Amino acid sequence: IIILALSIVLSALVLAKPKIGFECGKSYDWGVVRQKDSPLKADIKLFNLGDDTLKIERVKPMCGCTTAPLSKKLIAPGDSALLKVTLNVEHYEGEITKKISITSNAEVPEDVLELKAVVYQPIKLFPNKYLNFSQMYIGTETITKVVINNMSGVDIKIKNIAKKPEDLIINMKPGDIIPKDSDFVFIATVNPSSVGPY
């Protein structure tokens with residue numbers, strides 16, 4: 001009888017475990033977004049699906065572009081807490097996947113929530129969005145190029161151009177059109193007349 005009673009008590013203790021569940025499943029997907037939508041935000045409910053109090057020890061985003069404060073760290077059985085997720089996509093293009101690790105006293109001590117998005121950028125600049133002249137010499141013409149890739153699906157008409165300094169010579173003017181699904185090689189030329197930063 002004693003052995004039977006102990007086995008019932010022990011089995012009840014084994015069964016009384018907290019368990020994490022997310023309202024979105026194991027991943028949250030924003031779908032197609034743009035850089036200008038940054039930061040992406042989502043309030044994700046984290047549930048305790050077990051039979052004992054869930055104690056969250058740590059919520060750790062795996063990237064500095066993500067934050068995920070949790071509304072409370074002790075969650076009773078059947079109760080939930082809110083994970084307020086933000087994801088900065090300002091410097092991303094294409095498909096991205098980020099993860100948040102959650103450590104707790106649940107039957108699985110570490111759960112991972114995956115964050116997904118596809119960052120659509122209608123205009124891409126290659127190699128980057130800066131004009132890099134490297135070294136320049138007085139009286140010597142220096143040229144740099146940036147490729148503008150129009151992936152917007154429509155022709156782009158240049159309405160206005162502001163340039164500084166004025167002696168910068170460029171091969172683009174108001175009224176120029178960059179056809180859809182094509183590249184335009186933007187060329188900038190400078191012939192410095194004095195020493196110093198440019």
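The values are calculated or read from the model by the stated rules, or taken from the named source; none is laboratory data. Here the structure is a predicted model, which is why all the values come from computation and not from measurement. Don't worry about glycine lacking a Cβ; one is built from the backbone with ideal geometry, like all the others, and counts go over all protein chains shown. Note: accessible area is taken over every heavy atom of the protein model, side chains too, but ligands, DNA and RNA are not part of it. Shrake-Rupley method; radii C 1.70, N 1.55, O 1.52, S 1.80 Å.
Looking only at segment 52-66, which residues are crowded, with 16+ Cβ neighbours inside 10 Å and hydroxyl-bearing (S, T, Y)? Explain how you work it out, then say what you get.
Going residue by residue through segment 52-66, those that are crowded, with 16+ Cβ neighbours inside 10 Å are 52, 54, 56, 59, 61, 65-66.
Of everything in segment 52-66, just one residue is crowded, with 16+ Cβ neighbours inside 10 Å and hydroxyl-bearing (S, T, Y), namely T66.
Just one of the listed residues (D167, D111) is surrounded by 11 or more Cβ atoms within 10 Å (Cβ to Cβ) and either polar (S, T, N, Q) or more than 30 Å from L82 (Cα to Cα) (or both), and it is D167. When segment 14-46 is limited to residues that are under 12 Å from the mean Cα position of the chain (by Cα) and among the acidic types (D, E), the one that is least open to solvent (accessible area, probe 1.4 Å) turns out to be D37. Restricting attention to segment 97-150 and to residues that are touching a helix residue (DSSP H, G or I) at 6+ places or on another chain (Cβ under 9 Å) and not aliphatic (A, V, I, L, M), the residue that is farthest from A42 (Cα to Cα) turns out to be Q121.
Considering the conditions (1) open to solvent by less than 100 Å² (accessible area, probe 1.4 Å); (2) part of a loop (DSSP other than H, G, I, E, B); (3) touching a residue at least 40 places away in the same chain (Cβ under 8 Å); (4) of a type in the set (S, T, Y), T86 is excluded by exactly one of them, (2).
Selection over segment 176-198 of residues that are open to solvent by less than 40 Å² (accessible area, probe 1.4 Å) and not acidic (D, E) gives a count of 7.
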